Amino acid sequence: MNILEIKDLYKDFGGLRALNDLSLSIEQGQIFGLIGPNGAGKSTAFNCIAGVYAPSGGEIYFNGEQINGERPWNLCKKGLARTFQIVKPFATKTVLYNVMVATFARTNNRSEAEQKAVEVLESLHFEKKKDLRAGNLTIADRKRLEIARALATEPKLLLLDEVMAGLRPSEVDEMVAIIKQLRTRGITIFVIEHIMRAIMALSDHVVVLHFGQKIAEGAPQQVASDERVIKAYLGDEYVISAG
């Protein structure tokens, strides 16, 4: 069953078409990668799916229901959550407080919210830092907090927007392990990422965007060897290093 289906999606900003005729389907339980150069339209696609932008045209279906133009908070309650490329926690508040805020999408009870937040932090091996101020966290821990806040809304589909940007190689490996663990909990993952070894390790299927258009899709190895993708995004250096 497809948990997300996009048909002929496009988005215009004035005279600029940032996303053009995008179609894709994500099966329940998949880890699905979206890659491409900066400015290719990846975050625009996420923003249309998550209700930040209303599409200019095309159709978006989540769990079989058309969601074009739905507001983000309504989509969150339906089970669609996302992280943001630029992480902005409540810097003066604790890690636990930040996660508790997200749990109120599912409960109005403070004690239940706190219990749920602690459970989410424990699932990410992050509970020991629950009393730290979010503004004092490292980049890696802020990324982990961003995922925790999304998980606290109990998503069926989780959109991850460059959660590994700025991380050291060992931290990237930890994040890959976290994302794989999320799949075992029944969460479908749609991920934008520039770190190719992470995308290759994670994804069941990959779509490549360039200038707002899909230029390739398929299994990670298949996409990485596509001449159009090498020319537009990966470069010959990637092929040599991966070979």
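The values are calculated or read from the model by the stated rules, or taken from the named source; none is laboratory data. Keep in mind it's a predicted model, so treat the numbers as computed, not measured. Here Cβ is always computed from backbone atoms with ideal geometry, including for glycine, and neighbour counts include all displayed protein chains.
Observations
- Matching strands (runs of 3 or more DSSP E) fully within the range 3-82 where at least 1 residues are surrounded by fewer than 19 Cβ atoms within 10 Å (Cβ to Cβ), under 19 Å from the mean Cα position of the chain (by Cα) and not β-branched (V, I, T): 16-27, 57-62
- Residue count for the range 199-243, restricted to those that are part of a loop (DSSP other than H, G, I, E, B) and either at pLDDT below 90 or over 21 Å from E162 (Cβ atoms) (or both): 4
- Here T188 fulfils each of the conditions (1) closer than 23 Å to E65 by Cβ; (2) surrounded by fewer than 22 Cβ atoms within 10 Å (Cβ to Cβ) apart from (2).
- Condition check for F104: among the aromatic types (F, W, Y) and surrounded by fewer than 17 Cβ atoms within 10 Å (Cβ to Cβ): yes
This table checks each residue for (1) under 22 Å from K78 (Cα atoms); (2) assigned to a strand (DSSP E or B); (3) of a type in the set (K, R); (4) touching a residue at least 12 places away in the same chain (Cβ under 8 Å).
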position: K116; (1), (2), (3), (4): yes, no, yes, yes
position: D131; (1), (2), (3), (4): no, no, no, yes
position: T153; (1), (2), (3), (4): yes, no, no, yes
position: L167; (1), (2), (3), (4): no, no, no, yes
position: M175; (1), (2), (3), (4): no, no, no, yes
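- Annotation note: of K77, K11, K7, the sole residue that is modelled with pLDDT under 95 and either in contact with a Pro (Cβ under 7 Å, 6 or more places away or on another chain) or within 22 Å of I189 (Cβ to Cβ) (or both) is K77.
- Residue list for the range 118-155, filter: small (G, A, S), closer than 13 Å to P89 by Cβ and touching a helix residue (DSSP H, G or I) at 6+ places or on another chain (Cβ under 8 Å): A134, A148, A150, A152
- Yes/no for P155 being touching a Cys at 6+ places or on another chain (Cβ under 9 Å) and either modelled with pLDDT of 90 or more or not β-branched (V, I, T) (or both): yes
- Residues of the range 155-164 satisfying the condition of being farther than 15 Å from L202 by Cβ and assigned to a loop (DSSP other than H, G, I, E, B): P155, K156
- Filter pass, G235 being surrounded by fewer than 20 Cβ atoms within 10 Å (Cβ to Cβ), more than 20 Å from the chain's Cα centre (by Cα), farther than 17 Å from F46 by Cα and in contact (Cβ under 8 Å) with a residue 40 or more places away in the chain: no
- A91 vs. criteria assigned to a loop (DSSP other than H, G, I, E, B), hydrophobic (A, V, I, L, M, F, W, C) and touching a helix residue (DSSP H, G or I) at 6+ places or on another chain (Cβ under 8 Å): yes
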